[in-house]
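Asker: Please read through the structure below; I'll follow up with questions.
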Amino acid sequence: MDTGGMATGGTATGGTDDQVLADLREVWRMRAFEEKVRELRLAGDAVGSIHLGIGQEAIAVGAAGLVRDEDAVFATYRGHNWAMACGVAPAALFGELLGRATGINGGRGGSAHLTAPAHRFFGENSIVGAGAPIAAGAALAGRFDGSGRVALTVFGDGAMNQGAVHEAMNFAAALNLPVVFVCENNSWSELTPIEEMVRDPRLHRRAAAYGMPGERIDGNDPAVVRERLGAAFAVAREGGGPTLVEAMTARLVGHYIGDAEQYRRPGELDEARRREPVVVLGDRLRAAGVGEDVIDGAERAAREEMERAAAEALAAPLADPANVKEHLYV
Amino acid sequence: MSETAVREVEAGRSVRSLTYGEAVNAALRRCLSELPETLLYGEDVAKPGGVFGVTRGLRRDFGERVFDTPISESAILGSAVGAAMLGRRPIVEIMWVDFSLVAFDQIVNQLANVRYVSRGELAAPVVIRTQQGSAPGACAQHSQSLEAFFLHVPGLRVAMPWTAQDAYDVLVAAVHSDDPVLVIENRTLYTGKQDVMLDGPVQPLGGLRVRREGTDATVVTWGAITARALQAAEALAGRGVSVEVLELPWLNPLPTDEVLASVRRTGRLAVLHEANVTGGFGAEVVARVAGAGVALRRPPLRLGLPDSRVPAAPSLVAGLLPDAERIAAQIEDLTHEN
């Protein structure tokens, strides 16, 4: 499966105009959510370290329709997009980031440890790479519960250098577990370029060493992601075991809100902004003759939705410290 | 087991003569039988039956729910977390407690947070079986007693059964619990037959064992070194000193009230463990007693490994760990009035 190349929009059709527009709307919902989060963080309403996935939305958008009720998704601290892709209500996410009683975890998780099992979202993880073996366990459970579950675990390029990810990939491969490993390669392992931290930056090629399929895809196009991750889900559902998909993307913002980003190369962000999901999808719609009002409407509707959701969360009571020691034990 | 005498004591229960290791095996067998959601896995546990033979025969009798894994502690523990989130009840083995350190993240950052962060929407009913302690010739990375590391982690239950009966009862209780439980065994205890009652009711977590009643001093101890505490108490009885020995098969939950009641009666406290003294869990026991305002007649005594690495040579180890005579001498000193 490893062609050495990268699956792009040239091999995917991009779907119908309706699908493209739906994708754009979802990208904008995630984008508007996170831009509102940044505003709340800079205003001091939200506190602590918050990691945004602005620019990387197409991967979660492309994956969203592939995840069935019985499946399980495991993300990283850069996981707001994935929580939304799993269907968690934005007001519950804002509430969590704002320390409200109405937050999806009542303030116990925060930005970096969101968990929503009712939505198949088994959590972000603040430890780089730690979700991968946990996802393997979710897949393992499916072997015994008859669910046919596929576990998707997403992590960044930096996590590819974590021992836990290596162990998880070998474990899943050795036991033939239905796991889809998704590496969101935004080229930055936090503040350090991935190509300086590996001998071979073609990370998907490691899959071969585990005896599983691996490929690099365009992670800025939901249609490509849907097709290629769909293939990985199909392999997993058919008993073919795990797959590694390296989705190439760019983080258009810092590692965390407040990151001065002095490490960026000249022109890097300008180049990335020309290829980011909003541009990819907008151009495709324009080429298909869709009007600017419709395209702009996706952004406008998303921003209105997120303003309302944020206001709802801000109006909610703070998490109650009287309950802080509940749920430590049965 | 087939040659051991079996006498029925009441319907559904039997007393068998088993080693500690066989008692663990019997508990695993019972749990695999009565809880279909259980899985049993780890390094060499299935087809080889475990490096100490503790899990022998379980693969044969329970099939693919019992399986061997790569030598990958993060994958073993992490997959247990994920499988438990999704409704399984994994029992995993970490062959030596020292090996847990390469995957501490999965225990401390992952396992212990599942219930709390999800506000009980998720549980992680994982049992981690491991074994620890010093034994002749074991190297520095196969000799440590690390229970205090885990006792610093809210959300995680910790047990260190000493007898074969408790090895059975504690493990059955642990597997039935929806809390994650670390059960620390000790390979020096695996051999030697004891009577073990099987198939009794599932016991609640916690509790302590009064291994010897006494009036002059309370010794709080756990794990294999309990035997030395009892030898010391026996020796001291011959010298007119009456020592109460409390053995704690469960350290979390900690039976604080029972410990306090004993120390209130004796007025003297010694804690004894195989782990290092500094930061050892005995310090927590002392702090609980002090914090409760129990008036001690003498300053409390902490006995354990004297803050050292653990050497391999038996003669070197013997110079570190207090033996029964040294324990007796220090407790006797404790009972002298100023």
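Asker: Return a yes/no flag: does the range A:34-56 have any residue that is under 9 Å from the mean Cα position of the chain (by Cα) and either buried (at least 23 other Cβ atoms within 10 Å of the Cβ) or of a type outside the set (Asp, Glu) (or both). So that I can check it myself, show each step before the final result.
Answerer: Let us first name the residues in the range A:34-56 that are under 9 Å from the mean Cα position of the chain (by Cα), namely A:53, A:56.
Then drop every residue that is not either buried (at least 23 other Cβ atoms within 10 Å of the Cβ) or of a type outside the set (Asp, Glu) (or both), which leaves A:53, A:56.
The answer is yes, given that some residue of the range A:34-56 is under 9 Å from the mean Cα position of the chain (by Cα) and either buried (at least 23 other Cβ atoms within 10 Å of the Cβ) or of a type outside the set (Asp, Glu) (or both).
Asker: Here is a further query. Return the residues of the range B:131-183 that are under 14 Å from the mean Cα position of the chain (by Cα), under 28 Å from residue B:34 (Cα atoms) and among the small types (Gly, Ala, Ser); say none if nothing qualifies.
Answerer: Within the range B:131-183, B:159, B:164, B:167, B:173, B:174 qualify.
Asker: Which of the following residues is within 13 Å of chain A (Cβ to nearest Cβ) and within 22 Å of residue B:221 (Cβ to Cβ): B:126, B:170, B:158? Working first, answer last.
Answerer: On the way: B:126 fails: within 22 Å of residue B:221 (Cβ to Cβ); B:170 fails: within 13 Å of chain A (Cβ to nearest Cβ).
Matching residue, one of B:126, B:170, B:158: B:158.
Asker: What tally of residues in the range B:281-321 results from selecting those that are under 20 Å from residue B:150 (Cβ atoms) and either hydroxyl-bearing (Ser, Thr, Tyr) or surrounded by 14 or more Cβ atoms within 10 Å (Cβ to Cβ) (or both)?
Answerer: Total meeting the criteria: 11.
Asker: Something else about it: Of the residues in the range B:96-123, how many are over 27 Å from residue B:322 (Cβ atoms) and touching a strand residue (DSSP E or B) at 6+ places or on another chain (Cβ under 9 Å)? Write out each step before concluding.
Answerer: Looking only at the range B:96-123, we keep the residues that are over 27 Å from residue B:322 (Cβ atoms), and these are B:102-123.
Still in the running and touching a strand residue (DSSP E or B) at 6+ places or on another chain (Cβ under 9 Å): B:103, B:107, B:111, B:118, B:121.
Adding up the residues that qualify gives 5.
Asker: Can you tell me which condition residue B:115 does not meet? The list is (1) over 24 Å from residue A:145 (Cα atoms); (2) within 14 Å of another protein chain (Cβ to nearest Cβ), and all the others hold.
Answerer: (1)
Asker: Every residue in the range A:143-171 that is closer than 20 Å to residue A:63 by Cα and small (Gly, Ala, Ser), please.
Answerer: A:147, A:148, A:151, A:156, A:159
Asker: Which numbered condition trips up residue B:209, out of (1) within 14 Å of chain A (Cβ to nearest Cβ); (2) closer than 21 Å to residue B:258 by Cβ; (3) basic (Lys, Arg)?
Answerer: Residue B:209 satisfies every listed condition except (1).
Asker: Right, residue A:284: farther than 30 Å from residue A:212 by Cβ, charged (D, E, K, R) and under 20 Å from the mean Cα position of the chain (by Cα) or not? Spell out the reasoning first.
Answerer: Working: farther than 30 Å from residue A:212 by Cβ: yes; charged (D, E, K, R): yes; under 20 Å from the mean Cα position of the chain (by Cα): no.
So residue A:284 does not fit the description; no.
Asker: Look at the range B:145-158 and say how many of its residues are over 18 Å from residue B:227 (Cβ atoms) and surrounded by 22 or more Cβ atoms within 10 Å (Cβ to Cβ). Can you show your working first?
Answerer: Filtering the range B:145-158 for residues over 18 Å from residue B:227 (Cβ atoms) gives B:146, B:148-158.
If we keep only those that are surrounded by 22 or more Cβ atoms within 10 Å (Cβ to Cβ) as well, we get B:150, B:156-158.
Looking only at that region, the number is 4.
Asker: While we're looking at this one, here's another question. Filter the range A:181-207 down to the residues that are surrounded by 19 or more Cβ atoms within 10 Å (Cβ to Cβ) and either among the polar types (S, T, N, Q) or within 14 Å of chain B (Cβ to nearest Cβ) (or both), then identify the one that is farthest from the chain's Cα centre (by Cα).
Answerer: Here the answer is A:189.
Asker: Mind checking which residues of the range A:136-170 are farther than 22 Å from residue A:67 by Cα, within 10 Å of chain B (Cβ to nearest Cβ) and surrounded by 24 or more Cβ atoms within 10 Å (Cβ to Cβ)?
Answerer: Hits for the range A:136-170 are A:164, A:167.
Asker: Test residue A:64 against the stated conditions and say whether it is over 29 Å from residue B:79 (Cβ atoms) and surrounded by fewer than 24 Cβ atoms within 10 Å (Cβ to Cβ).
Answerer: no
Asker: Of all residues in the range B:220-250, how many are in contact (Cβ under 8 Å) with a residue 40 or more places away in the chain and part of a loop (DSSP other than H, G, I, E, B)?
Answerer: Here the count works out to 5.
Asker: Taking the options A:278, A:253, name whichever one is under 21 Å from residue A:187 (Cβ atoms) and not in a loop (DSSP other than H, G, I, E, B). If you could, list the steps in order and put the result at the bottom.
Answerer: Working: A:253 fails: not in a loop (DSSP other than H, G, I, E, B).
Among A:278, A:253, only A:278 is under 21 Å from residue A:187 (Cβ atoms) and not in a loop (DSSP other than H, G, I, E, B).
Asker: Which residues, counting only those in the range A:87-135, are at the interface with chain B (Cβ under 9 Å from one of its Cβ atoms) and farther than 17 Å from residue B:109 by Cα?
Answerer: A:106, A:116, A:117, A:118 - these are the residues of the range A:87-135 that are at the interface with chain B (Cβ under 9 Å from one of its Cβ atoms) and farther than 17 Å from residue B:109 by Cα.
Asker: Given the range A:75-182, what helices (runs of 4 or more DSSP H) lie entirely inside it while holding 3 or more residues that are at pLDDT below 95, within 30 Å of residue B:32 (Cα to Cα) and among the hydroxyl-bearing types (Ser, Thr, Tyr)?
Answerer: In the range A:75-182, there are no helices (runs of 4 or more DSSP H) which contain 3 or more residues that are at pLDDT below 95, within 30 Å of residue B:32 (Cα to Cα) and among the hydroxyl-bearing types (Ser, Thr, Tyr).
Asker: Condition first: in a helix (DSSP H, G or I) and within 7 Å of chain A (Cβ to nearest Cβ). Now tell me which residues in the range B:66-85 satisfy that.
Answerer: Matches in the range B:66-85: B:74, B:75, B:78, B:79, B:80, B:81, B:82, B:83, B:85.
Asker: Among the residues that make up the range A:288-295, is at least one of them under 30 Å from residue A:189 (Cα atoms) and in a helix (DSSP H, G or I)?
Answerer: Taking every residue of the range A:288-295 in turn, none turns out to be under 30 Å from residue A:189 (Cα atoms) and in a helix (DSSP H, G or I).
Asker: When the range B:212-227 is examined, which residues are found to be under 16 Å from the mean Cα position of the chain (by Cα) and over 15 Å from residue B:259 (Cβ atoms)?
Answerer: Matches in the range B:212-227: B:223, B:224, B:225, B:227.
Asker: Another question about this same structure. From the set of residues in the range A:169-188 that are in contact with a strand residue (DSSP E or B) (Cβ under 7 Å, 6 or more places away or on another chain) and of a type in the set (Gly, Ala, Ser), which is nearest to residue A:208 (Cα to Cα)?
Answerer: Selected residue: A:172.
The values are calculated or read from the model by the stated rules, or taken from the named source; none is laboratory data. Predicted, not measured: the structure shown is a model, and the values here were computed from it. Here the Cβ is made from the backbone with ideal geometry for all residues, glycine too, and neighbour counts use every protein chain on show.
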